[in-house]
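Following: one structure in structure tokens, then a few remarks.
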Amino acid sequence: MSALELAEYLLQLSGISYKQTFVRNDLLGAMIYTKIKEIPYFSLFTYNDISLLLSTLEDVRYRIVDNEYNEFLNKLPIDKFVTKNEAIKEAYKLITNYLNDNNYIDEVGVVRFALANAKPQPNIEFVRYEKSHLRPLELALLNKAAGKEVSESSVGDSSKNTFIETYTKAFGQSNEIEDIIHYIYREGLKFDECLIASAEETNYAKILLNTENLTDI
């Protein structure tokens, strides 16, 4: 579950909704394209460049738990890249003001709203696997959801039956997933007790979702 999905889920369970219109980064990039290019440092930026800028700013924002606006503007280093850093600050203020002025909310905004307003769900068991690389804001939301600090669960537990043959037997990601599912059925394992480790989360997640929809697993 992504941080956005968790935030939306917690808000639903809490019976709380935000009043703003949600906007994705790709759409936001198109909305502010002209405005960003008015900043001299970004005057030659393409739409793809602006999309990368939004993604980078989002990643930085996920690393700030409290007082995002002040932390972002006050903590960005003042070093030999002064011109670049000042331009990034200007872009951040432009984006923030654009969202506020137009009653929009983006992904980080939804996560922060849920962190501030959603109710903890102590009856739900939230699992955090080791090396999950959660950023501070994501971890804060997870702990809020659980109503406690969620400790890591070890993937490499020696008591677990680990199977790592698939990549040597199958060609193509869809075939690998089919081979994994075949193994789970063959060994009589329970789906909710199995963990698939992948180097490419997005592609495999899409294939698993399609497989779930097609097979009703």
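FYI, it's all coordinate maths here, none of it is from the lab. As the structure is a computational prediction, the values presented were derived from the model and not from experiment.
Here are the numbers:
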| read-out | value |
| --- | --- |
| Vicinal HN-Hα couplings computed from phi for region 63-79 (Karplus, 6.51 cos²θ - 1.76 cosθ + 1.60; Hz; Gly/Pro x) | 8, 10, 8, 10, 6, 3, 4, 5, 4, 5, 6, 8, 9, 4, x, 9, 9 |
| Scattering curve values for the chain, log₁₀ I(q)/I(0), Debye with Cα scatterers, q = 0.15 Å⁻¹ | -1.12 |
| Between 0 and 90°, nearest 10: helix 82-101 axis offset from the chain longest Cα axis | 80 |
| Convex hull volume per residue in cubic angstrom - Cα atoms of region 178-217 | 74 |
| Potential lengthening between HIS182 and LEU209 on full extension [0.36 nm per residue; Cα-Cα distance subtracted] | 8.1 nm |
| Principal-axis tilt of helix 47-61 within the chain, Cα atoms, nearest 10 degrees | 80 |
| ³J(HN,Hα) computed for each position of region 124-141 - Karplus, 6.51 cos²θ - 1.76 cosθ + 1.60, integer Hz, glycine/proline x | 9, 8, 9, 10, 10, 7, 4, 6, 7, 6, 6, 7, x, 5, 5, 5, 4, 5 |
| Flagged links, alpha-carbon separation over 29 Å, of LYS131/LYS206; LYS19/LYS89; LYS35/LYS131; LYS19/LYS93 | LYS35/LYS131 |
| Using θ = phi - 60° and Karplus 6.51 cos²θ - 1.76 cosθ + 1.60, couplings along region 182-189 (whole Hz; Gly, Pro as x) | 4, 5, 4, 5, 4, 8, x, 7 |
| Long-range amide H partners of ILE32 with built H, under 5 Å | none |
| Sequence-distant residues sharing a close amide H with ILE105 (under 5 Å, placed H) | THR21, PHE22, VAL23 |
| Rounded tilt (10° steps) of 3-14 against the dominant C-alpha axis of the chain | 80 |
